[in-house]
Amino acid sequence: MAERIEQRLEDRIPELEQLERVGLFTPKEIRAVLKKASALEYKIQRRALRKEDFVSYIQYEINLLELIKKRRARIGYSFKKEEIESSIVHRVHSLFKRATGKWKEDVQLWLSHVAFCKQWVTSKWVLVTGHLLCIKTNSFISSVAALWIMAAKWEMETRLSSESARHLFLRALRFHPECPKLYQEYFRMELMNAEKQRKEKKEFEQAKMDLGEFNYSEEILNGELARIIYRDAAQKIKGVEFHLAVLSIAKLFDFTQDLQKEILESLQTEYADDPLTWDYMARRELGLGSLKSTEPTTKQMKVSEMTQREERCCAVFEEAVTAVPTEDMWKCYITFCLERCNRKTNSEELKQKVKRSLGNYSNKTRLFLLTYLQLLLESNLSEKATEVAEAATKRFSLSAEMWQMRLQVLIQLKNDNVTQCFEEAFKHLKSKVCGTLPLWTLWVEWSEGTNSKQDTEALYQRSLNATAPAESVTMKEKYLDWAYRNGGYKKVKRVFTSLHENRPLSLDFFRKMIQIEKEQESCKMLHLREYYERALREFGSTESDLWLDYIKEELSHPQGKPENCGSIHWRAVKMLQGDQVEDFISKYTLLQTGHL
């Protein structure tokens, strides 16, 4: 190894001599470079290679190149680049080659090599990318696809070679035949190429030049290659998002009307039940011209024009929520209406129309009202949300979700009737014990910040009896946490004692108490044993880590008894079931050898 390092350092001598001779570096600086290079070389020649060492070495060499560049500019010396910079660049390439050979799946490493080549050796970086792209790595599909796109873009925009870009996209699609982004960018590239050729042809025709030797293909000029790409992609990639993305690309080019029409028809045929399709079709009306043939010329006419477009949008949405009456569809409709109502517009007619359309709560579904309420809250329309929430709980009085939304509105507005509304909610939901946990959680959290400690504790105790057994587990955990935050150790100890026989209980309930005990200055092993024993009584057959933590506590606590570990181990093996036994034994062995 030493001989190899010495050889590498000797290979640097010619470039270092040139740096000193031309006055770019001083003798002292040359010695410092050699010393640093020696240290870096030893790191990358070790048996156990680390990626960080390669990165540090590469960064040092790049910094050296930057320093040389600055000093050249300062003294105005531009000669001997072949002997100096080229040697360093070659060494950086070699380092990148070794690193990417060792860590083939590290896309960031490849990207760094590409970036270096683009800055210092622009003619090679596509070859670097091409090498990377031959690697099939499913876990890095998106990143690798991005590199294919980068390479194709460079061919198209820098080398002005649409043919090379096309070949790169075709190679990429062999590796990733279902990558939407690749298809989108390939589609865009072919349209850009068509637009470029159309402009060239137009300029030549205006100059009255002979087009015979240029051989412009009508298929390319009309975007037929892009159409083929779209049709191929549509067979492999499903979903409205892809079609909309391709359509938005096509709309950037003024010669794609027929292509846009085909994509739109495909969208409406294949995804007629998708809310995104309806949302696009409705919003599309905003961009379409007026039904009138004349263009608006005054402010009043412009307002009238926009009003007509918005009404057409609403008409499409009304049809949509009838055809596809889902929550997502309603959300699209409501979002649109709120957007239009919140904009600065003189169209009061639309606002009134929207209020009439959305405000007839008696005819709306529970799904609609939940969505509508959520969007009103997000839009800070609190007063409107209060009105809607009250009407909603009258219409769907047995819906816990609806009551929760109404209470959130009242709490947000700091309304005086919050407690009364909670009582009213549970009066309606008394026959529906299961599913009320979010309401109890909301009530106690609100009470913590508003009511006295006595009232809040009474509320916690009331919730334990009012919730379903499975849901009461969460309330017990919250009660324990609240008791510690508001009453300290003595208070939480009393709460734990009152609850530890009140099943069902969760493992987190016991772990919380164990953690609280360990936070005390006078942490007592006697108390920890009690908590662990109670937890193991409930979860000892399924939680191998709980047994291990108990053993660790006996070994590490000042009051612990290591002699108890054998007994705990025997009990664990006897009580644990299935794979938990093997898992416990394996970890216990590691613990004994000091590896856990």
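Test of understanding: among Phe54, Phe79, which residue is open to solvent by less than 20 Å² (accessible area, probe 1.4 Å) and among the hydrophobic types (A, V, I, L, M, F, W, C)?
One residue alone meets the criteria, Phe54.
Filtering segment 224-238 down to residues that are free of Cβ contacts under 8 Å to residues at least 24 places away in the same chain and not charged (D, E, K, R), which residue is surrounded by the most Cβ atoms within 10 Å (Cβ to Cβ)?
Checked segment 224-238; the qualifying residue surrounded by the most Cβ atoms within 10 Å (Cβ to Cβ) is Ile228.
Checking Gly130 against (1) modelled with pLDDT of 80 or more; (2) closer than 30 Å to Gly101 by Cβ, which single condition isn't satisfied?
Unmet condition: (1).
In segment 98-122, how many are farther than 14 Å from Leu147 by Cβ, small (Gly, Ala, Ser) and open to solvent by 30 Å² or more (accessible area, probe 1.4 Å)?
1
Testing Glu530 on (1) under 18 Å from Gly560 (Cβ atoms); (2) within 40 Å of the chain's Cα centre (by Cα), one condition comes back false. Which one is that?
(2)
Kindly provide the set of residues from segment 481-520 that are outside any helix (DSSP H, G or I) and either open to solvent by less than 30 Å² (accessible area, probe 1.4 Å) or modelled with pLDDT of 95 or more (or both), ordered by number.
His500, Leu505, Ser506
Quick one: Tyr186 ticks every box in (1) more than 27 Å from Val324 (Cβ to Cβ); (2) open to solvent by less than 40 Å² (accessible area, probe 1.4 Å); (3) within 27 Å of the chain's Cα centre (by Cα); (4) modelled with pLDDT under 95 bar one, so which box is it?
Looking at each condition in turn, Tyr186 falls short on (4).
Name the residue, out of Thr371, Thr345, Thr297, that is modelled with pLDDT under 75, surrounded by 14 or more Cβ atoms within 10 Å (Cβ to Cβ) and outside any helix (DSSP H, G or I).
Unique residue meeting the criteria: Thr345.
For segment 53-86, what are the residues that are under 20 Å from Ile13 (Cβ atoms) and basic (Lys, Arg)?
If the condition is that a residue be under 20 Å from Ile13 (Cβ atoms) and basic (Lys, Arg), then Arg71, Lys80, Lys81 are the ones that fit.
Please tell me if Leu259 is surrounded by fewer than 20 Cβ atoms within 10 Å (Cβ to Cβ) and either within 25 Å of Leu288 (Cα to Cα) or in contact with a strand residue (DSSP E or B) (Cβ under 6 Å, 6 or more places away or on another chain) (or both).
No.
Conditions tested, residue by residue: (1) among the hydrophobic types (A, V, I, L, M, F, W, C); (2) part of a helix (DSSP H, G or I); (3) at positive phi.
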residue	(1), (2), (3)
Glu17	no, yes, no
Gly23	no, no, yes
Lys28	no, yes, no
Arg31	no, yes, no
Leu34	yes, yes, no
Tyr42	no, yes, no
Glu52	no, yes, no
Glu66	no, yes, no
Arg71	no, yes, no
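Would you please name the residue that is modelled with the lowest pLDDT, looking only at residues in segment 203-217 that are surrounded by 10 or more Cβ atoms within 10 Å (Cβ to Cβ) and of a type in the set (A, V, I, L, M, F, W, C)?
Among them, the one singled out is Leu211.
What number of residues in segment 239-251 are part of a loop (DSSP other than H, G, I, E, B) and either under 15 Å from Tyr186 (Cβ atoms) or open to solvent by less than 10 Å² (accessible area, probe 1.4 Å) (or both)?
Selection size over segment 239-251: 0.
Ile551 - would you say it is farther than 30 Å from Thr467 by Cα and of a type in the set (Val, Ile, Thr)?
yes
Would you mention how many residues in segment 389-439 are free of Cβ contacts under 8 Å to residues at least 24 places away in the same chain and open to solvent by less than 10 Å² (accessible area, probe 1.4 Å)?
Of the residues in segment 389-439, 3 are free of Cβ contacts under 8 Å to residues at least 24 places away in the same chain and open to solvent by less than 10 Å² (accessible area, probe 1.4 Å).
Could you check Lys43 against (1) under 40 Å from the mean Cα position of the chain (by Cα); (2) free of Cβ contacts under 8 Å to residues at least 12 places away in the same chain; (3) open to solvent by 80 Å² or more (accessible area, probe 1.4 Å) and say which number it fails?
Just one mismatch for Lys43, condition (2).
What residue, among those in segment 223-238 that are in contact with a Phe, Trp or Tyr (Cβ under 7 Å, 6 or more places away or on another chain) and outside any helix (DSSP H, G or I), is farthest from Asn193 (Cα to Cα)?
Looking at the filtered set, the residue picked out is Ile237.
The values are calculated or read from the model by the stated rules, or taken from the named source; none is laboratory data. The model shown is predicted, which means the values in this text are computed figures rather than measured ones. Note: ideal-geometry Cβ built from the backbone for every residue, glycine included; neighbour counts use all protein chains shown. Ligands, DNA and RNA are excluded from the accessible area calculation, which covers all protein heavy atoms including side chains. Shrake-Rupley method; radii C 1.70, N 1.55, O 1.52, S 1.80 Å.
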